[in-house]
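The values are calculated or read from the model by the stated rules, or taken from the named source; none is laboratory data. Quick caveat: nothing in here was measured; it's all calculated off a predicted structure. Cβ: placed from backbone, ideal geometry, glycine included. Neighbour counts: every protein chain shown. Calculation scope for accessible area: heavy atoms of the full protein, side chains included, ligands and nucleic acids excluded. Shrake-Rupley method; radii C 1.70, N 1.55, O 1.52, S 1.80 Å.
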Amino acid sequence: MNPYLLMVVLYLSLAVLGALEASFASLRILPWFNGMKWLRVHLITLGTLTQIIFWLMPILAAIRAKLPRPKLRWDIWLTLNGGILLLLIGIPLVNFVPIFAGSTLVFTATTLLIVQLSKMRAASSVSSQAGAGRKFYIAGLSYFLVGIIVGAGLFFNWAEPLLISVPLEVHIHANNWGLLSLVFAGLLIDLYPTWAKRPLASPNSVNAIFWMMTVGAFGLIFGPWFAATWLLLVPGLLLHLSATIWLLVNIIKPLQGDREAWTPGMLHLVTSYFWILAPVLVAPLVLFKVPGFPGRGIEATAPQALIYGWVLQFGYASIPYFFRRVFLPDETPKLGGSRLSLITVHLGGFLLWASIFAEGAMRGTLHGSAYLMWTLSLLPIVKELWQIVRAGLEHAESETASLILMEN
Ligand code: HEM
């Protein structure tokens, strides 16, 4: 049983409870629930997604570089999960010792993975494009190191000595425009040919997309760090946005006119990007303080739609695919998701954004309904994963049983 995938099923199952709890709290069904925002965001980001990407990146880098499959690094798994566990204990209790120890362990796991990936250079005979995803992974993980320092620093008041103007924004940008944008782009570049059974529209654009997204993320992180909106944040945003759109064109164009290719899984992958673009489309209205656009409300609430609408939804398509590859290797793997998960995850996003502009009780109703939709969208995915795991384990058990019978 792969230890990373075991943790994915655990955290994703808990994420269902987290979303349900948020819904009941906002719908005032269980008003005394205090809605642990940190927990429900990080069960998905730090819990579920980091497990999948930490497991996958060395394997993909090795395949693309035509290197032998790397052994599972228990030191990385242990430091990552030991760190997450300590954070899950320390942050709800606001206890500095486990928060510091937990952040340090996650930082160590990330550094060990960067070193492992940096050593996985392709032999000179392998085309540079083959290993393109690796540089996206290393750049993304490097920004994650910044995200961890600033995230932990939110408890230790490191913002002042580090001269950080808006630490929470720096943390969110480092982990979403840095870590996940770059890693998801790397995964799409490495796996789209397998998922879509055709090449990207312009494979030669990969290098330009890499540098635009990496430099763009730098501007998006250090803009709010040094309060340099026009010098860093806005140019960074434009660069990153152009790179993201160029990446999307690369994966949409080859599918045009091919109805069969637009499975729920492919729709999850492509339409999830609407929720990382939504805050960008609204940003100028907030920046220029256009009346009717509550800047504070958007900054406080929009990250939730980013995590559920983009990060989680990308996982809806990709996580079941990897589970099938591992647990049901004799079957043709397909991307995850269904019509139900597709409709409800987007409904959740629109309801959450509508709650930002609503007043009074309506705000709670819309916010609670959004989380109810996200809970509904999670259920078929968690069910799909448990079915894959059970079928895979039953298959393995029957294989072992027949082996034992043969030996006797
Ligand atoms: C060691 C790792 C991490 C630590 C210590 C950490 C810490 C924090 C803290 C203290 C907050 C503020 C919570 C609040 O305002 O109540 C926060 C918010 C947030 N973090 Fe992290 N975080 C970590 C990893 C991540 C990762 C990997 C991601 C995403 C990829 C992420 C995304 C976010 C987002 C989106 C928010 C804003 C939540 C909201 O306001 O709705 N964090 N984090």
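Kindly indicate whether any position in the stretch 360-376 is loosely packed, with under 12 Cβ neighbours inside 10 Å, farther than 15 Å from Ala305 by Cβ, in the same structural domain as Ile319 (by TED's automatic domain parsing) and modelled with pLDDT under 95. Please lay out each step first, then the result.
Residues of the stretch 360-376 loosely packed, with under 12 Cβ neighbours inside 10 Å: 360-361.
Add one more test, that the residue is farther than 15 Å from Ala305 by Cβ, and what stays is 360-361.
Pick out the ones that are also in the same structural domain as Ile319 (by TED's automatic domain parsing) and you get 360-361.
Right, trim to modelled with pLDDT under 95 and you get 360-361.
For the stretch 360-376, residues loosely packed, with under 12 Cβ neighbours inside 10 Å, farther than 15 Å from Ala305 by Cβ, in the same structural domain as Ile319 (by TED's automatic domain parsing) and modelled with pLDDT under 95: present.
Considering only the stretch 24-52, how many residues are outside any helix (DSSP H, G or I) and either at pLDDT 80 or above or of a type in the set (Gly, Ala, Ser) (or both)?
Counting residues in the stretch 24-52 that are outside any helix (DSSP H, G or I) and either at pLDDT 80 or above or of a type in the set (Gly, Ala, Ser) (or both) gives 4.
Out of the stretch 128-160, which residues are under 18 Å from Gln51 (Cα atoms), away from the ligand (no atom under 15 Å from the Cβ) and either among the β-branched types (Val, Ile, Thr) or more than 18 Å from the chain's Cα centre (by Cα) (or both)?
Ile138
Could you please tell me which pairs satisfy a Cβ distance under 7 Å, a separation of 6+ or placement on different chains, a first residue in the stretch 248-260 that is surrounded by 11 or more Cβ atoms within 10 Å (Cβ to Cβ), and a second residue that is in a loop (DSSP other than H, G, I, E, B) and aromatic (Phe, Trp, Tyr)?
Within 7 Å, the pairs are Leu248/Tyr273; Leu255/Trp262.
Go through the residues of the stretch 305-316 one by one and say whether even a single one is open to solvent by less than 20 Å² (accessible area, probe 1.4 Å), within 30 Å of Leu5 (Cβ to Cβ) and in contact with an Asp or Glu (Cβ under 6 Å, 6 or more places away or on another chain).
There is no residue in the stretch 305-316 that is open to solvent by less than 20 Å² (accessible area, probe 1.4 Å), within 30 Å of Leu5 (Cβ to Cβ) and in contact with an Asp or Glu (Cβ under 6 Å, 6 or more places away or on another chain).
Looking at (1) part of a loop (DSSP other than H, G, I, E, B); (2) within 16 Å of Ile138 (Cβ to Cβ); (3) of a type in the set (A, V, I, L, M), which is the only condition Ala174 fails?
Of the numbered conditions (1) part of a loop (DSSP other than H, G, I, E, B); (2) within 16 Å of Ile138 (Cβ to Cβ); (3) of a type in the set (A, V, I, L, M), the odd one out for Ala174 is (1).
Over 21 Å from Leu306 (Cα atoms), exposed (fewer than 14 other Cβ atoms within 10 Å of the Cβ) and more than 16 Å from the ligand (Cβ to nearest atom), is that true of Leu67? Break it down stepwise before answering.
On the way: over 21 Å from Leu306 (Cα atoms): yes; exposed (fewer than 14 other Cβ atoms within 10 Å of the Cβ): no; more than 16 Å from the ligand (Cβ to nearest atom): yes.
Answer is no for this residue.
Could you list, ordered by first residue, the pairs with Cβ atoms under 8 Å in which the first is in the stretch 281-294 and within 16 Å of Phe357 (Cβ to Cβ) and the second is small (Gly, Ala, Ser), at least 6 apart or interchain?
The qualifying pairs are Val282/Ala302; Val286/Gly295; Lys289/Gly295.
So which of Lys119, Lys135 ends up being modelled with pLDDT of 90 or more and outside the structural domain of Gly216 (by TED's automatic domain parsing)? Let's see the steps before the verdict.
Details: Lys135 fails: outside the structural domain of Gly216 (by TED's automatic domain parsing).
Unique residue meeting the criteria: Lys119.
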